[in-house]
1. Residue-wise, which Karplus ³J(HN,Hα) couplings in Hz belong to region 222-238, taking 6.51 cos²θ - 1.76 cosθ + 1.60, θ = phi - 60°, and x for glycine or proline?
2. With charges set only on the Cβ (+1 for Lys and Arg, -1 for Asp and Glu), what does the dipole of region 161-209 come to about its Cα centre, in debye to the nearest 20?
3. Applying the Karplus parametrisation 6.51 cos²θ - 1.76 cosθ + 1.60 with θ = phi - 60° to the phi angles of region 261-271, what ³J(HN,Hα) value in whole Hz is obtained for each residue in order, glycine and proline being reported as x?
4. Hey, any idea what Rg/Rh is for region 158-282, computing Rh the Kirkwood way over Cα pairs?
5. Please label the shape of region 142-183 as rounded, prolate or oblate, based on the square roots a ≥ b ≥ c of the eigenvalues of the alpha-carbon gyration tensor (a/c under 1.5 means rounded; beyond that, a/b larger than b/c means prolate, else oblate).
6. Just to be sure I understand the model, the point goes 7 Å from the Cα along the line to the Cβ. What's the resulting Thr153 to Ala276 distance in nm?
7. Could you list the GluC sites (Glu not before Pro) in region 120-192 that lie in coil according to DSSP, counting only those with at most 11 other Cβ atoms within 10 Å of their Cβ?
8. With every atom except the alpha carbons ignored, what do you get for Rg and Dmax of region 111-161, in angstroms?
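Just so you know, all these numbers are worked out from the coordinates, no wet-lab data involved. This structure is a prediction, so every number in the text was calculated from the model and none was measured. Don't worry about glycine lacking a Cβ; one is built from the backbone with ideal geometry, like all the others, and counts go over all protein chains shown.
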Amino acid sequence: MPACLARAATSRRTETPGPGAVVTLSGMIHVRRPSAPRAACALGLVASSLALLVLTVGRASSEIITLDEGKFIVSQHGKPARVEEFYWDRSGDTLVVRASSYLSADVQAGRRPDKTMELQLGALDYSFVRYHSQHIMGPDSLRRGVETTPGDTLFTLWREVNNRGEGDRVVLPPGRLFILDPPLFTTFNLIARTLHGKTFDRRPVAVLILGAPDSLVEVTVTDLGTETIRWGARPVGARKLLFADQQTRFTAWIAPDGRMLRLEQPESEILVERQAPPPKRRAPHPK
């Protein structure tokens, strides 16, 4: 397994990003041989996954550039469910996206996240390189991995339960490949970022949803225009995107710079919102 980038070991600066959907988790508890991914109406399983849960890097570089970082606050039925911290770091021609997801109660108690992931992409074209995640469930652990080799038409898909693993080789779909791994929502942010500055009515994207079994599906992203929403203490003119398969829809609101501000699935009452910065205090008027 590749080691994570040591954030404190190198210098870092932050820059404004340039131009540039999850299956039921109950199956993740069982040790099952992953079959070749099959087409399915898998977005509908995303909603049930959250309900169950409320229960690298390439070439070394002297500098890491942070493209995005923050927290997604996840709620369901109007109640806090999870908190997801995420970081996007660029080092040379490599982009590393990391996320850590906590139950809301665990955040307050200072416990470690129960789900973490690291995704490596090409920094220029978002080409998929590898994905690793770990999910801790009491005494049990589940590790997942998806890896590609440049020029290969297949990718490796593996799972490891309590240090016992197995894997498959699967045909790589054309275009970009995105990974949805419950209960993480950072991939929606990633898909939106790859569409930033692009004009389209509808666009299909290939999504591998990790579960039992794994599913390779086509999700259609539809541009619904611009809508003004209130984010934090201010109104924002956000791009509205619809992520849909045959059964389920998620709606996302994207900031002008490409960052996902909000994601919702009304049927399951799931709301994911980027934590807004605190409002700036006004300077007191001179007496």
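1. Per residue, the Karplus-derived 3J(HN,Hα) values read 10, 7, 9, x, 10, 9, 8, 10, 9, 10, x, 9, 9, x, 10, x, 10 Hz.
2. Numbers: 7 positive and 4 negative charges, 46 e Å.
About 220 debye.
3. Per residue, the Karplus-derived 3J(HN,Hα) values read 9, 8, 9, 9, 9, x, 4, 9, 6, 9, 10 Hz.
4. Values: Rg = 16.8 Å, Rh = 16.3 Å.
In region 158-282, Rg relative to Rh is 1.03.
5. Details: a/c = 3.12, a/b = 1.58, b/c = 1.98.
Judged from the Cα gyration tensor, region 142-183 comes out oblate (a/c at least 1.5, b/c at or above a/b).
6. 5.1 nm
7. Details: sites: Glu147, Glu160, Glu166; in loops: none.
Passing both the DSSP loop test and the Cβ count: no residue.
8. Looking at region 111-161, its Cα Rg and Dmax stand at 13.3, 42 Å.
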